[in-house]
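K.L.:
Pasting in a structure now, in structure tokens, and then I'll have a few things to ask.
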Amino acid sequence: LSAEYDDEGVWVYQAYNEGIADWAVEHGTLGGPLFNTTRMTWIKPSFAWMLYRCGYSAKHGQERVLKLKLPHSEVASLLEACACTHGGGGSKGRVQWDPARCLYSSEGKGKSTEPRKMLRERAIQIGLSRELSERFARSILAVVDVSALARRV
């Protein structure tokens with residue numbers, strides 16, 4: 001598992017709409033009237049994979065990319081509660097491994113051309129259902145808006 005981390009926690013990424021992101025940045029956590037934990041939330045430790053999934057913050061409803069810090073123990077607990085299967089098997093969450101992407105290389109084309117080069121490694125996505133999504137939101141230690149960086153890459 002590749003992720004940015006320090007002694008305090010692990011950073012993961014998620015894309016949100018403007019209203020959710022504004023509230024999260026202001027309050028240092030997820031919540032507010034627009035945030036909803038009833039659908040599965042997919043968090044990603046890979047910045048490159050997050051950018052690919054949200055169209056480099058250009059997709060509707062995913063215009064803002066947030067970098068969210070979670071305690072090490074909470075990341076481990078969330079992973080333990082997830083199943084590493086396609087259907088989830090009744091688990092509270094899912095772990096999915098996808099081809100990792102290079103932030104800058106575009107299969108011999110211009111810098112901004114898609115698809116970005118796939119690496120010979122996998123990037124994890126962690127799908128959190130309602131209960132796990134609520135735990136995730138409660139355990140956030142820090143929120144950083146990296147939307148401008150996402151658009152520059």
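K.L.:
Efficiency by 1/(1 + (r/R0)^6): what FRET value for Ala58 and Thr38, r their Cβ-Cβ distance, R0 = 30 Å, to the nearest 0.05?
P.N.:
Working from the Cβ atoms, E equals 0.70.
K.L.:
Taking R0 as 41 Å, what's the FRET efficiency between Ser77 and Glu18 from their Cβ-Cβ distance, rounded to 0.05?
P.N.:
0.85
K.L.:
Which residues does the label zone of Trp97 cover in the stretch 1-45, counting backbone N under 12 Å from a point 7 Å along Cα→Cβ?
P.N.:
Within reach of a label on Trp97, which here means backbone N under 12 Å from a point 7 Å along Cα→Cβ, the stretch 1-45 contributes 1-2.
K.L.:
For Lys69, list the aspartates and glutamates whose Cα falls under 13 Å from its own Cα; do not include residues on the same chain fewer than 8 positions away.
P.N.:
By straight Cα distance, Lys69 reaches Glu4, Asp6, Asp7, Glu8, Asp145.
Laboratory data are not the source of any read-out in this text; all were calculated from the coordinates shown. Keep in mind that what you see is a predicted model, and the values were worked out from it rather than measured. Note: ideal-geometry Cβ built from the backbone for every residue, glycine included; neighbour counts use all protein chains shown.
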